[in-house]
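Working notes, beginning with the structure itself.
The values are calculated or read from the model by the stated rules, or taken from the named source; none is laboratory data. This structure is a prediction, so every number in the text was calculated from the model and none was measured. Please note: Cβ atoms are built from the backbone with ideal geometry, for glycine as well, and neighbour counts cover all protein chains shown. The accessibility values were calculated without ligands, DNA or RNA, using every heavy atom of the protein model including side chains. Shrake-Rupley method; radii C 1.70, N 1.55, O 1.52, S 1.80 Å.
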Amino acid sequence: MLVSIAYLVVLVWILYLVWSQRVMKRLQNELAADLKGVRFWRVNLARPAFFKRWFNVLPFEAKGILIEEGSQLRVRGYWRSNRKRFESVLRKAECQPSWLGNRSIKSGNMYWGQLRTPKGDLLFSADTGAYALPSRESLKDIFSSIFPELELPEDAIQDFALEKNSRSIAAMVFFFGLLAYAVIDSFFVSRYELTDQQLFRILFHPGVWIGSAVVGSVMAIGAYRWMLSGHVPSRESLVLSFFVISAIGFSALPLAKRVDQVLAAEPSKNYAYRVNLPARLEPADEALGLPRLRFPKSREYWDQFKDGQPYSIPFLRGPLGLWQLDHEKFDPPLIAFFEKQGPRK
């Protein structure tokens with residue numbers, strides 16, 4: 001029931017956003033209806049205080065148009081909060097333009113500029129609709145047309161270069177390094193393996209999901225803010241943060257296994273099991289919390305035992321409580337058996 005209510009709330013929220021966008025777009029079209037033969041640009045507008053808020057439904061405070069009229073600029077728009085129309089005339093000589101870029105997640109994945117004027121500061125971005133990627137080029141065109149003498153920063157002229165920023169390089173090295181470690185350690189180095197039952201217990205435990213969500217969110221925010229403070233644009237910071245958290249999630253289990261191996265007080269030892277045909281083993285002492293085992297790919301080996309016959313399984317158990325099957329001790333009898341059997345048909 002709660003899940004259904006949550007889905008309904010999200011659906012209503014999305015429908016509201018779509019409706020609000022359509023209304024604002026219709027009002028913006030009305031502003032441009034009588035502009036023929038006039039140089040103007042469709043823009044999103046905001047005041048500096050707008051981006052200081054903790055949360056914004058949409059990444060702009062108003063939609064409007066920016067009209068060039070020789071020595072002056074005319075700004076027309078509609079406030080999103082109350083749908084009221086406004087219009088202001090600004091003298092170019094009194095404006096102090098500056099490039100803000102894509103500084104935070106609140107900017108809505110768009111690039112912003114600022115005009116300091118006697119009437120107050122005005123923030124604007126090119127209205128590229130759902131296509132936020134061209135916003136940098138469109139905003140650059142506006143600046144180049146209205147203020148050709150203004151020298152724009154490098155990030156306005158070309159897309160951000162990941163390979164030229166030390167923090168974005170560090171994030172990519174961290175990402176590929178963790179992925180490489182997870183693959184190499186899991187499949188080529190470690191002789192220890194978590195059983196299927198234990199994997200399912202871990203992956204589907206509610207505490208693991210909740211803990212992962214909390215820790216992942218904190219780490220994602222930390223990574224995002226760290227890259228943002230290193231002058232990585234918001235859009236690239238978001239993507240890189242996602243890569244970093246994905247790599248951490250992918251390598252969390254291999255790292256946990258390695259930590260458990262290093263901190264284990266003793267090497268792997270044998271635990272008593274009972275063969276339960278076909279190709280299943282049950283722990284002799286359920287109180288220990290040992291996982292149940294299934295070996296469907298080596299069924300021929302287990303068929304040689306009687307139902308209920310005891311069998312020892314080597315496990316390493318460290319302070320993290322993981323049962324890691326030691327293949328160095330477990331595999332030799334199976335390998336010897338299948339070598340005697342010859343190639344499988």
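Go ahead and set up a Gaussian network model of the chain, Cα springs under 10 Å, then flag whichever of Ala264, Ala180, Ala287 fluctuates most.
Ala287
Which whole-angstrom value gives the distance between the alpha carbon centres of the stretch 255-305 and the stretch 181-196?
16
For the charge dipole of the chain, defined by +1 on Lys and Arg C-beta atoms and -1 on Asp and Glu C-beta atoms about the Cα centroid, which residue among Ser168, Asn109, Ala46 has the Cα displaced farthest towards the positive pole?
Farthest towards the positive end: Ala46.
Give me the percent of the accessible area of the chain that comes from carbon and sulfur atoms, probe 1.4 Å, all protein chains in place.
Values: 12700 of 20500 Å².
Carbon-and-sulfur percentage of accessible area, whole number: 62.
Counting Lys and Arg as +1 and Asp and Glu as -1, each charge on the Cβ, what is the dipole of the stretch 262-330 about the Cα centre in debye, to the nearest 20? Before the final figure, lay out the partial values.
Numbers: 10 positive and 9 negative charges, 31 e Å.
Here the size comes out at about 140 debye.
In nm, to one decimal, how far is the Glu137 label point from the Leu17 one, both placed 7 Å along Cα→Cβ?
Each label point lies 7 Å from its Cα, and together they span 2.6 nm.
Highest GNM mean-square fluctuation, the chain, Cα pairs closer than 10 Å: which of Gln21, Gln198, Gln309?
Gln309
Going by amide H atoms built from the backbone, whose H comes under 5 Å of the H on Tyr271, apart from near neighbours?
Close amide H contacts, sequence-distant or interchain: Ile313, Phe315.
Relative contact order for the stretch 147-268: what is it in percent, counting Cα pairs under 8 Å that are at least 6 residues apart? Show your work: numbers first, answer last.
Working: 57 pairs, mean separation 49.3, N = 122.
40 percent.
Stretch Lys269-Ala49 to full length: gain in nm at 0.36 nm per residue minus the Cα-Cα span? Don't skip to the end; give the middle numbers.
Values: separation 220, 0.36 × 220 = 79.20 nm, distance 6.42 nm.
Separation in residues times 0.36 nm, less the Cα-Cα distance, equals 72.8 nm.
Once whole DSSP H runs in the chain are found, which of them have Cα atoms spread over 18 Å or more along the helix axis and a mean Kyte-Doolittle score of at least 1.6?
Working: long enough: 2-32 (45 Å, 1.08); 166-184 (26 Å, 1.83); 206-229 (34 Å, 1.07); 234-263 (40 Å, 0.97); 327-341 (21 Å, -0.65).
Qualifying helices: 166-184.
In straight Cα distance, which lysines are under 25 Å from Lys63, not counting same-chain residues fewer than 8 positions off?
Leaving aside lysines fewer than 8 places away in the same chain, those within reach of Lys63 are Lys25, Lys36, Lys52, Lys84, Lys92, Lys106, Lys119, Lys140.
Only one of the values (i) -0.78, -1.25; (ii) -0.65, -1.27; (iii) -0.71, -1.36 was calculated from this structure for log10 I(q)/I(0) by the Debye sum over Cα atoms at q = 0.10, 0.15 Å⁻¹; name its label.
The listed entry that was calculated here is (i).
Considering Cα pairs under 8 angstrom that are at least six residues apart, work out the relative contact order of the chain and quote it in whole percent. Present the calculation step by step, with values, prior to reporting the outcome.
Numbers: 463 pairs, mean separation 39.5, N = 345.
Reported relative contact order: 11 percent.
Of Met227, Ala252, Ser135, which is farthest along the charge dipole of the chain in the positive direction, counting Lys and Arg as +1 and Asp and Glu as -1 at C-beta?
Highest projection toward the positive end goes to Ser135.
State the extension gain, in nm to one decimal, for the chain segment bounded by Met219 and Ile202, taking 0.36 nm per residue of separation less the distance between their alpha-carbons. Show your work: numbers first, answer last.
Details: separation 17, 0.36 × 17 = 6.12 nm, distance 2.06 nm.
Full extension of this stretch gives 4.1 nm more.
Each residue of the stretch 72-83 in order: what ³J(HN,Hα) in whole Hz does its phi give by Karplus 6.51 cos²θ - 1.76 cosθ + 1.60, θ = phi - 60°, with x for Gly and Pro?
Per residue, the Karplus-derived 3J(HN,Hα) values read 9, 10, 10, 10, 10, x, 10, 5, 6, 5, 10, 6 Hz.
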